[in-house]
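A quick write-up on the structure given underneath.
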Amino acid sequence: MKSPLLSLPGAVPAEGVDEGVAAHYGDLFREQRALADGTGFVDLSHRGVVTVTGDDRLSWLHLLLTQHVSDLPAGTATEALILSANGHIEHALYLVDDGTTTWAHVEPGSQEALIAYLESMKFFYRVEVADRTADTALVHLPAGSITEVPEDAVVRETPYGRDLFLPRERLEAFADRAGPPAGILAHEALRVEQHRPRLGFETDHRTIPHELGWIGTAVHLQKGCYRGQETVARVQNLGKPPRRLVFLHLDGSEVHLPGPGAEIRLADDGPDGRKVGFVTTSVRHHELGPVALALVKRNVPVDARLMAEATAAAQETVVEP
């Protein structure tokens, strides 16, 4: 989905999975500061939108998701995962129910695989699953925003701001009165600052929820069965995850920013030391400078000095070892 807001002044298209919306509108740090101050908006209309309707929607989703949603109150936002049989993360859903329909936004392009899985699990339940990406655009308003929300928008209220599910034909009209636009790079910088993982960025084919701190926020430990629950319970009760998410303060004197996949080593071991992790997302933050999220082996000391490729990095604990 290519956003019409790419025609706004200064818009520079994003690349990769976020292709279709603006990376920035000419001033990355100004856009970050605006969002941090509660002004402006972020065009996330490239993200997939999936709805579930029907009398059994919440009880049915409760059986499939890692989150407790059988009694989800209307208007309450939550997060949930779908795991493989081995407990590896396959999908991340950002949910809200409006009383008649459960709305979810997901990573760009992932909605087709998600819907295929959901359709395969319908059985006799009274539910209908639909891909609403073509007619619904997601827009993010930062925390503290006083922008008026259209009456026909479904709102997902979170501590980080509001996600609006808007009719796609109203996106341009909303942008005209929503304040200055901020690109996806500004949104990502604040996400990294907030230590929030993102599917496909902080995850790979073997990531389990414990590694990223998704226990509690997206995984409910007291609910009934779902695919992959055995792994979740075993790690929670009997062991520790093999890796853990960390926040890195990168050496600001370096011009080069180590990108996703950059190998992390212990600084004391030198450039030929063994790999102990890798960068997942790196950004330039308007206050913190160059920072990153990374996955490292659980046994890496929390006070160890690290190197991300050739860049010195000080770690901040996100997931306890």
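What the table below lists for this structure:
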{"quantity": "Euclidean distance between Cα centres, the range 193-247 to the range 1-58, Å", "calculated": "26 Å"}
{"quantity": "Mean Cα-pair separation over length for the chain, i.e. relative contact order, pairs under 8 Å, 6 or more apart, %", "calculated": "19 percent"}
{"quantity": "Long-range Cα-Cα pairs in the range 230-321 (distance over 16 Å), rounded percent", "calculated": "52 percent"}
{"quantity": "Percent of Cα pairs exceeding the 21 Å cut-off, where the set is the range 1-154", "calculated": "51 percent"}
{"quantity": "Kyte-Doolittle at least -1.0, axis length at least 20 Å by Cα - qualifying DSSP helices, the chain", "calculated": "none"}
{"quantity": "Listed peptides 295-308, 113-126, 278-291 by packing density, highest first (mean Cβ within 10 Å)", "calculated": "278-291, 295-308, 113-126"}
{"quantity": "Over the range 84-196: Rg over Rh, Cα atoms, Kirkwood Rh", "calculated": "0.99"}
{"quantity": "Qualifying lysines (Cα of each under 18 Å from Cα of K122; at least 8 residues distant if same chain)", "calculated": "none"}
{"quantity": "Rg over Rh, two decimals, the chain (C-alpha only, Kirkwood Rh)", "calculated": "0.97"}
{"quantity": "Percent carbon-and-sulfur accessible area, the range 218-261, ignoring ligands, DNA and RNA, probe 1.4 Å", "calculated": "54 percent"}
{"quantity": "Value of [θ]222 nm, deg cm²/dmol, for the chain, DSSP H segments ≥ 4, -39500 (n - 2.57) each, nearest 500", "calculated": "-4500 deg cm²/dmol"}
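The values are calculated or read from the model by the stated rules, or taken from the named source; none is laboratory data. Nothing here was measured: the structure is a model prediction, and the numbers come from that model. Note: ideal-geometry Cβ built from the backbone for every residue, glycine included; neighbour counts use all protein chains shown. Ligands, DNA and RNA are excluded from the accessible area calculation, which covers all protein heavy atoms including side chains. Shrake-Rupley method; radii C 1.70, N 1.55, O 1.52, S 1.80 Å.
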